[in-house]
Structure formats: C-alpha cells, structure tokens
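*Asks:* One structure, as structure tokens, below. Some questions next.
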Amino acid sequence: MSQSTPAGSWDGAWYRVRTEQFEAAFLPNAGEDLEAVDNVDVFVALKDGSRWSATIISLAQVEILMKRWATSGEALGGRYFWCSDGLIVRDAGIDNMTQVLTGLIETGEFRQTLQRLED
C-alpha cells in the first residue's frame, strides 16, 4: 500500500485530494483541523469514471457516540452503532483516511466497502 499521501486543496467547502488512482472530495466541518477529522463524508471518483461514497468515522469517535447515546437513550442506549455507507478507521485525519482509501482501491476491496453512486 502506498504510504505517502498527496496534499489536497480546498474547493469551496470540499477538501479534495488527488492521487494517481482517484480523487477524493471530503466535506469536513468549517474550520476543522484536517488531521483531527474523525467523522466525514467523502466522495471518490476513480480513473474509470465510476463514483463512490462513504461516511468515514474513527474508532474513537464511534466510542464517543456510543457513550453519549448510553445516556441519551439513542441506539438502544448506545448498544449499537450504525450509519449508512459507514467505514470505520482506526485513526482520525484526512491523511490517514486517504491512505485507507488508497489501500482499499489498490486491493480492490473498495467495491465491498464503498457505496457506488449512479453514473
């Protein structure tokens, strides 16, 4: 798996990262530190023209949400976690998330992990 992640650039509210295999458009919260992003929607465009999406969330953020829900009563009192198009990663940050996306694409596992969007 590739280890270096190219720097991205802002395009309005989107933070775009371009690699040899894909372009990822992340939608972080305004002013959020990119290396602290722990819950973000991403759209991925592959070189073949196909488009994919996911909500990437860090393991630590899942734990925080489940603890919060234990008191609020949501998700059966925090007994489960679910989100549409969910992809859980060990570490926060756009750089880490891009490395995970790169690995998924290099291994072909993205087809089972990301949600394909209609062309």
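The values are calculated or read from the model by the stated rules, or taken from the named source; none is laboratory data. These figures come from a predicted structure and were not determined experimentally. Cβ sites come from the backbone with ideal geometry, for glycine too, and all protein chains shown count toward neighbours.
*Asks:* Considering (1) loosely packed, with under 11 Cβ neighbours inside 10 Å; (2) within 16 Å of T102 (Cβ to Cβ); (3) among the acidic types (D, E), say which one D11 fails and leave the rest.
*Replies:* Going through (1) loosely packed, with under 11 Cβ neighbours inside 10 Å; (2) within 16 Å of T102 (Cβ to Cβ); (3) among the acidic types (D, E) one by one, D11 breaks only (2).
*Asks:* Something else about it: Kindly indicate whether T98 is of a type in the set (V, I, T), buried (at least 18 other Cβ atoms within 10 Å of the Cβ) and under 12 Å from the mean Cα position of the chain (by Cα).
*Replies:* Yes; evaluated as a whole, the condition is true for this residue.
*Asks:* Please work out if D119 is over 19 Å from the mean Cα position of the chain (by Cα) and at pLDDT below 95.
*Replies:* yes
*Asks:* Can you name every one of the helices (runs of 4 or more DSSP H) wholly within segment 4-119 that holds 1 or more residues which are touching a residue at least 60 places away in the same chain (Cβ under 8 Å)?
*Replies:* Correct list: 94-107, 110-113.
*Asks:* Also, I was wondering about something else. Would you mention how many residues in segment 35-51 are aliphatic (A, V, I, L, M) and surrounded by 17 or more Cβ atoms within 10 Å (Cβ to Cβ)?
*Replies:* Residues that pass the stated criteria total 4.
*Asks:* Among the residues of segment 14-34 satisfying the criterion of being loosely packed, with under 14 Cβ neighbours inside 10 Å and at pLDDT below 95, which is nearest to T113 (Cα to Cα)?
*Replies:* E20
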